[in-house]
Structure formats: structure tokens, C-alpha cells
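Note sheet for the following structure.
Read-outs throughout are calculated quantities, based only on the coordinates presented, and are distinct from any laboratory measurement. Predicted, not measured: the structure shown is a model, and the values here were computed from it. Cβ sites come from the backbone with ideal geometry, for glycine too, and all protein chains shown count toward neighbours.
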Amino acid sequence: MSDIVSIIQRVLGEVDLVLGWTATGAGGVAAPDRFQTAAEAERAVFNATCVHNLAVHLPRLKDKTVGIVAKGCDSRSVAQLIQEREIDRDRVKVIGVHGLGGMIDVRKIWRLHGYGVPVDARIDSLFIDGREVDRKEYLRQKCLGCRDTVPVVHDKLFEAQGPPITGIAEAATVEAILPGTGLGASLTAAEAMSAAGEDESRPLSELFANMNPTERRLFWREQYSRCIRCYACREACPMCFCRDVCIMQTTDPHWTGAGVDAGEAEMMQLIRVNHLAGRCTGCGECERACPVGIPLMLLMNEQNQVIEDLFGYRAGTDPEARPPLLTFDIKGDSRSEK
Amino acid sequence: MAELKLIGFLCNWCSYAGADMAGTARMKQPGELRIIRLPCTGRVNPLLILKAFQQGADGVLVSGCHPGDCHYNEGNYYARRRLELLSRMLPAFGIEPERFHFTWVSASEGARWADVVTQFTRKIEAMGKMSGAEQGTPPAKASCEAGVGAPDEQTGSEDAVPA
Amino acid sequence: MKFLAGENIAELLERLSSRSEVWAPRELRGSGGTVMFERWRSGDPLDLEHFASISAKDMVLPRTEKLFGFSYAFGGAAVGNPFGTPAEPAAGTPAEPAAGARTAGESIRITAAEPAGNVVLFGARACDAKALDVLDALFGQTEGKGYNDPQYRARRAGLTVITLACLTSDPACFCSSFENGTAEKAGSDLILYPVDGGFLAEAVTPKGESIIESGVNSRDKDDSAREPGDGDPETGEAASGPTLFEESGLEMPVLAVTAMVEGLEGLRQKLAAIFDDLEFWQAETEKCISCGYCTYACPTCHCFNIHDEMRGDREGERLRSWDACMFHLYTQETSGHNPRPTLAHRYRNRINHKFSYYPENQGEILCTGCGRCIRGCPVGLDIRDVLRQAVEASAGPGEGGDR
């Protein structure tokens with residue numbers, strides 16, 4: 001077992017800078033940082049609040065050789081960026097983090113215990129304000145079903161030695177939590193949602209799965225109505241590297257209007273979902289960055305699943321793979337013909 | 001019932017010609033479908049379909065050359081993958097997948113075109129207009145209730161003055 | 001000081017909502033605990049504990065507002081005055097027909113925006129209310145004196161602010177760095193100080209006084225025998241209508257003191273000294289991902305963009321929407337040139353606008369220390385660190401510390 005500081009310092013011998021994390025004043029929660037010298041790297045940390053996907057910075061650093069600390073999920077973004085020729089494999093040194101036990105949802109801690117409460121989020125235990133709590137209660141939703149514990153691409157491995165991620169939490173069924181409510185077509189989206197409000201432990205994804213299209217339409221309208229159009233979803237996404245020339249903001253073509261309302265916000269997200277088809281690695285940064293908590297991963301996860309079902313493909317798992325929507329299979333694709 | 005809004009994206013080389021043939025042969029078909037001609041189904045950006053739904057379409061039909069007959073050799077093969085993905089995603093967006101139909105009609109299949117349009121129109125008629133898209137919009141902020149994004153609810157007074 | 005029992009809040013909002021729109025903080029469904037100011041309707045829950053993620057500035061500067069609608073028409077109609085105030089819509093100032101006419105015989109019809117109604121903002125904090133005061137310095141200027149924004153002024157005039165005083169703060173709060181901190185009264189009409197069982201109410205303006213007045217006088221006056229905190233919210237139904245504000249001898253609670261940023265005096269000169277130190281600004285913005293959250297959540301950031309949103313090619317609306325200086329497109333020019341090409345340039349402008357340009361031009365610091373930009377930043381950027389480091393860096397080379 002080696003510590004993250006010495007690994008970064010070793011990698012610094014081969015690259016211009018290393019992307020990693022340092023602790024912040026907000027209760028010791030980690031924030032992204034970059035290190036250029038061994039002395040700077042002394043402040044590096046790795047703990048269960050290092051949730052950010054640092055791959056988002058790689059396309060901006062093409063003129064440098066870069067080291068990056070990447071969790072399994074982050075490494076898929078790196079692999080996808082390599083696949084899309086957005087970054088050069090030879091100019092990136094990946095410090096893959098192996099053996100994590102799931103990351104902590106800091107927002108949930110802040111909501112329940114107050115912003116900035118001291119947090120000691122180790123790989124295998126969690127202390128909030130000095131008291132140990134059950135870390136399973138605070139794990140990020142996306143970590144519960146993690147399939148990416150081993151980094152896809154890596155040059156160095158950092159052994160985090162956390163608890164095994166499988167079996168951390170069994171996703172509870174709707175019936176188990178609200179027996180006999182029969183959530184479904186007969187309920188309106190609003191009713192389904194207020195049922196959700198009564199039990200925070202139930203993932204929103206289960207409620208969503210039980211809604212019919214009309215209820216979902218209402219659900220999304222309600223969710224999108226609080227969008228402020230800050231574009232944090234786009235800016236936090238490692239695969240949204242068009243950045244400043246995004247068609248969400250062009251007037252010709254005019255895909256979205258200038259107004260800030262549910263309809264325009266919906267169009268924005270439809271654009272994102274479409275442009276990330278077969279490219280989204282499911283890192284969840286869009287949802288994490290959203291300051292008004294729009295559950296964007298409901299759409300992204302759904303699409304990733306459909307693509308896996310249709311084409312047996314998961315983005316960012318093989319830098320050499322051919323993207324499914326850039327090819328076709330004359331015979332194989334005809335099974336769905338109408 | 002208010003008139004249905006049905007949009008058809010047709011490739012120039014097969015389906016548009018097929019529709020033309022159905023028309024010149026005076027085959028009977030419903031008139032709700034508004035056809036937009038595109039060079040190829042490979043040109044059909046899935047966003048065109050979503051934007052159509054978002055702007056109030058009740059159904060969208062895409063039709064192109066049969067596989068193997070694409071004027072550009074492989075445009076419809078790409079379209080087939082994209083649109084299959086889209087149709088499976090529609091429920092997540094809150095759109096009944098039955099409101100979207102993707103098919104092949106060649107230039108010589110006027111009768112088939114009339115059949116496709118009739119069946120599609122009947123199906124959407126049975127489903128009715130897409131509800132919730134407009135009503136579902138929560139009340140706008142205090143000051144922007146003047147109808148931004150709700151074109152049909154313009155309530156501002158007309159203040160034109162004589163020259 | 002008057003006392004308002006906690007369980008009478010809903011009744012107060014009920015009464016207010018009969019005359020105005022009421023906006024209050026509420027946790028939103030399916031949002032992972034996001035609290036925002038939302039239109040309050042009878043029976044809606046309130047969240048007075050958590051801090052709203054987005055400030056209340058859209059009470060006066062909506063995310064999107066229609067300035068006016070327009071359409072092209074044939075016939076004798078000519079152009080209305082697009083800049084007429086909402087109160088006096090297009091009062092006949094005929095513009096030159098050539099200005100908008102497309103073809104002979106065609107003219108533009110202008111549709112005025114809806115006039116703003118009365119709004120009560122409930123549950124703002126001192127920093128939110130002070131921010132309105134700060135914005136007034138620019139947008140509230142009266143006609144003929146520089147900037148004229150009738151839509152802002154109409155909204156502001158119709159707005160009543162009921163502020164909730166802060167007895168606690170969190171580590172992101174830093175309003176105590178500025179003049180009055182949590183005790184700031186500017187921008188508020190009525191301030192509620194939390195005490196046992198309810199709130200002490202202090203009217204700051206005549207608008208605030210009238211709320212207390214109506215709460216004392218309306219409905220059943222004889223009910224004043226009730227003791228403060230004597231809560232029976234169920235029986236105090238609309239039919240009997242409890243007296244909401246009662247005399248009280250309760251002591252004022254102690255307000256919170258937040259974290260402070262030291263060395264802000266003379267900040268303008270200090271920022272000027274490091275204006276050209278792009279390396280400094282680059283180092284500060286390394287982790288920034290250039291989203292617009294900090295500016296959109298900020299109660300004082302007020303930059304906007306104006307678009308003509310066409311519907312077909314015959315009619316449309318002129319919209320004013322929020323814009324953010326952290327966006328690349330904010331300063332993008334038609335030629336392709338961008339005077340603030342990098343994040344460093346843009347962030348430098350953000351800080352300077354807040355702590356240098358606006359104070360110089362309008363006499364107010366464009367920050368009230370609400371801490372939203374710190375709490376919600378997706379990458380944990382802290383504006384206080386930037387200010388501290390700016391102060392250090394301006395002290396001269398060698399003392400700038402490790403950056």
C-alpha cells in the first residue's frame with residue numbers, strides 16, 4: 001500500500017501536472033486541484049468525497065502532458081476521450097484507483113447535518129462531526145450498482161483497499177417500502193412523487209420506472225421547471241467537450257430558444273441525451289453538478305441500458321471499440337424491423 | 001377533437017416519390033400528415049423528431065428506402081440504428097412509443113404508402129392528442145406569465161396605433 | 001415588538017396571498033433536497049430551515065421576462081413605442097415608420113408586456129434583502145437619471161419582503177464581512193426574529209407596518225387574550241381568524257455572526273494591483289468548469305442578455321434573460337474576437353465587477369456574503385479564498401504564498 005501523495009510525486013517526474021484532490025474548508029470535503037511540483041503534491045488527498053470526474057479537464061489541457069487520478073468510473077471517461085481522439089493516450093498518465101468501497105454523497109450529508117459539518121470520509125468508514133455513522137446510508141446512488149471497480153485504462157494503480165462494493169445495498173423494491181400502494185398508471189406523477197417524499201430511502205429511479213409516459217411527461221415538466229440554465233450539466237460532463245460552440249446556444253440552427261422555462265430546459269436535455277448516445281460513460285457528473293437537483297441520470301442510465309441491450313456496448317470500456325452509432329450491421333439490425 | 005398534428009420525415013428518393021405516386025394515382029388517404037422532405041433518412045437527426053413532439057406534434061412518421069436500396073448506399077442503415085434507439089428512449093422522455101413510426105416505402109409503392117399513412121393516422125386518432133405537454137407546464141415565475149413558451153396563450157394587449 | 005406565533009405563519013401567508021402572489025422557500029419534490037423560492041399556495045409546505053439554493057433576485061429580475069411582443073402586419077397600423085413603460089403601454093409615441101417596416105405597406109405591431117403584479121417574498125434572509133437594495137442602486141435609478149428600467153422598477157415597487165433573521169449560520173456564510181452582517185435591514189420591509197414558539201416582528205418600512213396592522217386588526221379582534229405560543233393551529237381556522245401579531249415583552253434573540261473575510265478595505269486598489277497578473281487568475285480558476293451556477297445563484301449578479309425570439313418569421317417576442325459572465329459566449333463578438341478568451345479573464349472580471357467596478361460606479365459592494373456560490377459550486381471553488389489570496393498577492397511578490 002502506498003499513499004496517494006507519493007504516487008503523484010512519482011508520476012510528476014513524467015508529466016507537466018497531475019490532476020487530483022485537496023481538502024477544502026467545507027468540513028474537509030475534497031475539491032479538485034492540480035499539482036505541478038512535489039511540494040504541491042504534499043497537499044493531495046484521496047478519500048470517499050473525491051467524487052469529481054477529473055477527466056473533464058483533460059480536453060482543456062491538450063497542450064500539456066497530464067497525470068490524472070481516476071476512479072474506475074472516471075477511467076471510462078478517459079478511455080472514451082481516447083477513443084474519440086480527443087486526447088492522446090501517450091500524453092496522459094492515469095493513476096487508477098482500485099478497490100474503492102463506493103463514494104459518499106456529500107450533498108446528502110450537508111442536507112441532513114448542515115453545510116460544512118466536519119466529515120472524515122475514509123474508504124471504509126465515515127465520521128460526521130466526530131461520530132461514526134453507517135457509511136452505507138450515505139453512499140452515492142450510482143455507486144450501489146458499480147460495475148467499474150477496476151480502472152479500464154491505467155498506468156499506475158492506487159490500492160484504496162475499501163470494502164467490496166458488491167452487496168453494499170440491495171435496491172429495495174417498491175412493494176417492500178410502500179406495501180400495496182400499487183404505484184402505476186392510476187396515480188398521477190404528482191401523487192407518485194409525493195409518495196416518494198415520504199420515504200427518502202427509496203431511489204427515485206424506482207418511482208420513475210413505475211410511471212407511464214404521461215406521468216413521466218408531467219414529471220419532467222415539473223423537474224425542468226426549476227432549471228436555471230446554468231449549463232453546469234454540460235460543463236461538468238467530460239464528454240461534452242464542444243463547450244463554447246454547443247448547439248444549445250446557437251441561434252442558427254435554433255434548437256433551443258432564449259427563454260428559461262421547462263420547455264427549453266427539456267429541449268436542452270434532449271439534446272444532451274442524444275449527443276451522448278453511445279458516448280455517456282454514466283459518471284453522473286451532470287446530475288451531481290446540477291444545483292437544483294434535476295435527476296438527469298434517469299435519462300442517461302436508461303439510454304446506456306438500451307444501448308447495451310441493443311448493441312452490447314458500454315461506452316468507455318474499450319478505447320479501440322467502434323461506436324455503435326457510427327456503424328451498422330445489415331443483417332443483425334433487421335430483427336427490429338417493422 | 002382538435003386537429004391532430006402529424007409530421008412525416010420522408011426521404012427524397014423513395015418514400016417521397018412513393019407518396020407522390022399515391023397522390024397522382026388518387027389513392028384515398030387521410031390528410032393530417034404534414035410531410036417534410038429530406039435527402040435521406042440518414043439525415044434525420046433524432047432531435048428533429050423530438051423537437052416536433054416538443055412543439056406539439058401528436059405523431060411522427062419517418063419513412064425511407066428499403067434496406068439495400070438507399071440512394072446513398074448506407075444512409076438508412078445508420079438511420080435504422082438511431083431510430084431504433086430513439087423509439088426505445090421515447091417512454092423515458094414521456095412520449096408513448098406508438099406515436100413514432102419508422103418504416104420503408106419505395107418509389108413504386110404508392111399503395112403501400114397510402115396504407116402506411118392511413119394506419120398511422122388511425123392509430124394516433126385512437127390515442128388522441130398528446131396530453132400533458134402543455135398543461136403540465138407549472139406556473140411560470142411571477143412575471144413571465146405573459147406566455148413565454150406558450151404561444152397559444154398570448155394575452156398581451158394589442159397596442160398598435162395609427163400612423 | 002410584536003409577536004407572531006409559529007403556527008400562525010400559514011394564516012399570515014393565506015391572508016397575504018389573497019392580495020398578492022406569495023413566494024416562499026420550499027423543498028422541491030424529487031430534487032434531492034433542493035430548496036428554492038416557489039409560488040406559495042394554500043396548504044403548501046415551507047422550508048424555513050434550509051437555505052434556498054437560488055437567490056430571490058428573480059422576484060425583480062426574472063430568469064426570463066418578456067419586454068414586449070411584436071408582429072409584422074399589413075395595413076395602416078404603425079409602430080408602438082417599444083420602450084413605453086408597462087404602466088403606460090405604447091402611449092402613442094409613434095416611431096419613424098422606416099425603423100421596422102419590412103416592405104411597403106407593412107408595419108410592426110407592438111404588444112406590451114404584462115404589468116407586474118404585487119408579490120410578497122416570504123422567508124428571505126438579510127443577505128437576500130440587502131441584495132435588492134444593492135440592485136436598486138443600479139436598476140432603481142429614476143427616469144432621466146442615467147439608466148431607466150421601468151419593468152424592474154414596477155416589480156420592485158410591487159414587492160414586499162418579509163425577512164427571516166438568522167440566529168445560526170453555516171461555514172459558507174460570510175455576510176459579517178460586510179457592514180451590518182446578519183443585522184442588515186436594508187431591503188427588508190418586515191423582519192421576523194425567531195424566538196420560542198414564534199417570531200418577533202419588526203416593521204422596517206410602511207409596507208411592513210401595514211402587514212402588522214392588517215394582522216392585528218383583521219377578523220376577530222377579541223381573540224387577543226391568547227397567550228404567545230398558545231398553539232392550536234387546527235381550531236384557529238379561517239372562520240374565526242386569529243389575531244396574528246400580539247404585543248410581546250420577549251427579548252430580541254442574538255443574531256448569528258458569520259465567518260469573515262479580512263482585509264477587504266481598499267480592495268479596489270488591491271485588485272487593480274493584480275489586474276495584469278494573469279497567472280494569478282489562472283491559478284485561481286484551475287478547477288473551475290465555467291458553468292454559470294455562481295452567477296445565477298448570486299443575489300446580486302444581474303447581467304442579462306436580450307434576444308428576439310421569433311415564432312415563425314412574422315412575429316416574436318423580445319426577451320430579457322439572465323446571462324453569466326463565466327460563459328465564453330458572454331463577451332464573444334460577431335467578428336469572432338473574444339476580449340475575455342479564457343476562464344482567467346472571465347473570473348477576473350467577475351471579481352472586479354463585484355468588488356471594484358460596481359462599488360466605484362454605484363457605491364455598493366456587489367456581494368452580500370450569502371455563500372451560495374460556495375455551497376453549490378460543483379468543484380468547491382470558494383470566493384473567499386480568492387479574495388484572501390488576492391489580498392495576499394497584492395501585498396507584493398514573495399508574500400503571495402503558495403499558489
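Quick check on segment B:6-132: what are the equivalent-ellipsoid semi-axes from the Cα gyration tensor, as sqrt(5λ), descending, whole Å? Before the final figure, lay out the partial values.
Working: eigenvalues 97, 70, 22 Å².
Its equivalent ellipsoid spans semi-axes of 22, 19, 11 Å.
May I ask for log10 I(q)/I(0) of segment A:4-159 at q = 0.09, 0.11, 0.19 Å⁻¹, from a Debye sum over the Cα atoms as equal point scatterers with solvent left out?
One equal scatterer on each Cα of segment A:4-159 leads to -0.28, -0.42, -1.15.
Would you mind checking the pairs C:Lys145/C:Lys207; A:Lys108/C:Lys270; C:Lys145/C:Lys287 and listing those with alpha carbons more than 30 angstrom apart?
A:Lys108/C:Lys270; C:Lys145/C:Lys287
Counting Lys and Arg as +1 and Asp and Glu as -1, what is the net charge of the other residues whose Cβ lies under 10 Å from the Cβ of A:Arg314?
-1
Counting other beta carbons within 10 Å of each Cβ, put C:Ser71, B:Ser63, C:Ser169 in order, fewest first.
Numbers: C:Ser71 19, B:Ser63 28, C:Ser169 23.
Sorted ascending by nearby Cβ count, the order is C:Ser71, C:Ser169, B:Ser63.
Report, to one decimal in Å, the Kirkwood hydrodynamic radius for chain A based on all distinct Cα pairs. Write down the numbers at each step before the final one.
Values: mean 1/r = 0.0466 Å⁻¹.
It is 21.5 Å.
How would you classify segment B:77-121 from its alpha-carbon gyration tensor, with a ≥ b ≥ c the square roots of the eigenvalues: rounded for a/c under 1.5, else prolate if a/b is greater than b/c, otherwise oblate?
Numbers: a/c = 6.10, a/b = 1.61, b/c = 3.80.
Because a/c hits 1.5 or more and a/b fails to exceed b/c, segment B:77-121 counts as oblate.
Inside 10 Å of the C-beta atoms of C:18-30, what's the mean count of C-beta atoms belonging to other chains? Please report the intermediate quantities before stating the final value.
Details: counts 0, 0, 1, 5, 0, 2, 0, 0, 0, 3, 9, 11, 16.
Mean partner-chain Cβ count within 10 Å for C:18-30: 4.
Which whole number gives the average count of other chain Cβ atoms within 10 Å of the Cβ atoms across peptide A:261-271?
Details: counts 10, 5, 9, 6, 0, 6, 5, 0, 1, 9, 3.
Per-residue shielding by partner chains comes out at 5.
Using the Cβ atoms and a cut-off under 10 Å, what net charge is assigned to the surroundings of A:Pro213, where Lys and Arg are +1 and Asp and Glu are -1?
Working: positive: A:Arg216, A:Arg217, B:Arg99; negative: A:Glu215, B:Glu96, B:Glu98.
Net charge around A:Pro213: 0.
Only bridges with both residues in segment A:4-159 count here: give the DSSP antiparallel percent, nearest 5. Numbers along the way, then the final one.
Working: 14 of 26 bridges.
Close to 55 percent.
Please compute the net charge surrounding C:Leu267, taking Lys and Arg as +1 and Asp and Glu as -1 over other residues with Cβ under 13 Å from its Cβ. It would help to have the intermediate numbers written out before the result.
Details: positive: C:Arg268, C:Lys270, C:Lys354, C:Arg384, C:Arg388; negative: C:Glu262, C:Glu265, C:Glu360, C:Glu392.
Combined, the nearby Lys, Arg, Asp and Glu give +1.
Nearest-5 percent of antiparallel DSSP beta bridges in chain A? Can you show the working numbers first?
Values: 14 of 26 bridges.
The antiparallel proportion sits near 55 percent.
How would you rank C:46-57, C:257-268, C:126-137, highest first, on the average number of other Cβ atoms within 10 Å across their residues?
Working: C:46-57: 20.3, C:257-268: 15.7, C:126-137: 24.5.
Listed from highest to lowest mean packing, they are C:126-137, C:46-57, C:257-268.
Please report the antiparallel percentage of the DSSP beta bridges confined to segment B:6-132, to the nearest 5. Let's see the in-between values first.
Details: 0 of 16 bridges.
DSSP beta bridges in segment B:6-132 are roughly 0 percent antiparallel.
How are the Cα pair distances of segment C:232-353 distributed, in percent, across 5 Å bins from 0?
2, 8, 11, 12, 13, 10, 7, 6, 7, 8, 8, 5, 3, 0
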